[in-house]
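Below is one structure, written out as structure tokens; the observations come after it.
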Amino acid sequence: MRLLHEETTTSAGEAVDDGVEVAILPTGSVEQHGPALPLGTDFLAAEAVARGIDRDDAVVLPTVPVGVSAHHRQFDGTLWAEPETFEDYVGEIAASVASHGVRKLVFCNGHGGNSDALRRAARRLRGDGIAYAAPWNWWSSLDGLDEDLFDQSGIGHADAMETSMVAHLAGDLVREGLLEEAEAGAADSWGKSVHGAAVGFDTADFSESGAVGTPTEGTAEKGRKLFEQATDELDALVGWLAEQPFDALTPEPHR
């Protein structure tokens, strides 16, 4: 897989001439993932999935590691950017890539807190006629695999799914002896509500350890299956996007 940062200015230009159609921008976070998982869990997963496909018509951009994570700020090590800052930064990276002739992108995201900002950036890029970006979370198209492996749909936080992914990608970064501690202080589900109102604005409002879910149920083998499913889906998405004429991706005219 082509990695932009490994190219020279000459070879990057040649890659576009040779048919690179899509740029993949991994985005994640540096934030607490409880006592057992590394702060870089989200960007490590996004980066690995982005680099895990092998296509001549795509290039992987350098990862944006810090994201929208202020809701984890009570836990040591968490870094964050304001949503507007993150949105602008990602959008400007996409615009710079578009200026070199690659006007179709996938935002390969590993952190749910980035999702709203990525959608806004994508909408603005499209509306301004600069580029077309498809925001995509690595866990968004698991096709029931999450339910088969974990008896749950969707991702929690520092849960069995994320533990499994890190165990597969970088097992030495999982502090296995602290998984039980993480789970003992974990919330059963994300957020906190009172009479239907969301009152848990920060993770510390509802999780003692910072985790949400059951991290002790994670395994490297489950992580391998997640990784393979995610890379297959990203490969298919990039293939679809590469085939679309840019004009077909622009906004519909007024009716």
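The values are calculated or read from the model by the stated rules, or taken from the named source; none is laboratory data. Given the structure is predicted, the values throughout are model-derived calculations rather than measurements. Don't worry about glycine lacking a Cβ; one is built from the backbone with ideal geometry, like all the others, and counts go over all protein chains shown. When the accessible area is computed, the model is the full protein with side chains, heavy atoms only, and any ligands, DNA or RNA have been set aside. Shrake-Rupley method; radii C 1.70, N 1.55, O 1.52, S 1.80 Å.
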Item to complete: Look at region 238-255 and say how many of its residues are part of a loop (DSSP other than H, G, I, E, B) and of a type outside the set (D, E, K, R).
Response: 6
Worksheet entry | So Val194, is it open to solvent by 60 Å² or more (accessible area, probe 1.4 Å) and of a type in the set (Val, Ile, Thr) | yes
Worksheet entry | Residue list for region 57-105, filter: surrounded by 15 or more Cβ atoms within 10 Å (Cβ to Cβ), under 30 Å from Glu208 (Cα atoms) and of a type in the set (Gly, Ala, Ser) | Gly67, Ser69, Ala70, Ala81
Practice prompt. Would you be able to say whether some residue in region 56-79 is touching a Phe, Trp or Tyr at 6+ places or on another chain (Cβ under 7 Å) and among the hydroxyl-bearing types (Ser, Thr, Tyr)?
Written response: yes
Discussion item. If I ask for residues that are open to solvent by 30 Å² or more (accessible area, probe 1.4 Å) and more than 24 Å from Leu237 (Cα to Cα), which ones from region 140-151 would you list?
Written reply: Asp151
Worksheet item: Just a yes or no: is a residue in region 166-174 in a loop (DSSP other than H, G, I, E, B) and either more than 30 Å from Ala242 (Cβ to Cβ) or over 17 Å from the mean Cα position of the chain (by Cα) (or both)?
Response: yes
Discussion item. All but one of (1) more than 30 Å from Pro245 (Cα to Cα); (2) part of a helix (DSSP H, G or I); (3) under 13 Å from the mean Cα position of the chain (by Cα) hold for Ser29; state the number of the condition that does not hold.
Written reply: (2)
Practice prompt. Just give me the residues in region 35-52 being part of a loop (DSSP other than H, G, I, E, B) and touching a strand residue (DSSP E or B) at 6+ places or on another chain (Cβ under 8 Å), in sequence order.
Written response: Leu39
Discussion item. At pLDDT below 95 and open to solvent by 70 Å² or more (accessible area, probe 1.4 Å): is that true of Glu252 in this structure?
Written reply: yes
Item to complete: Mind listing just one residue for me: the one in region 200-237 that is assigned to a helix (DSSP H, G or I) and of a type in the set (Gly, Ala, Ser) and, of those, nearest to the chain's Cα centre (by Cα)?
Response: Ala230
Worksheet item: Quick one: which of Glu243, Glu183 is charged (D, E, K, R) and touching a Ser or Thr at 6+ places or on another chain (Cβ under 7 Å)?
Response: Glu183
Item to complete: May I ask you to list the residues in region 222-240 that are touching a helix residue (DSSP H, G or I) at 6+ places or on another chain (Cβ under 8 Å) and surrounded by fewer than 16 Cβ atoms within 10 Å (Cβ to Cβ)?
Response: Arg224
Discussion item. Residues to consider are Val20, Val49; find the one that is more than 27 Å from Thr163 (Cβ to Cβ) and either open to solvent by less than 30 Å² (accessible area, probe 1.4 Å) or in contact with a Phe, Trp or Tyr (Cβ under 6 Å, 6 or more places away or on another chain) (or both).
Written reply: Val20
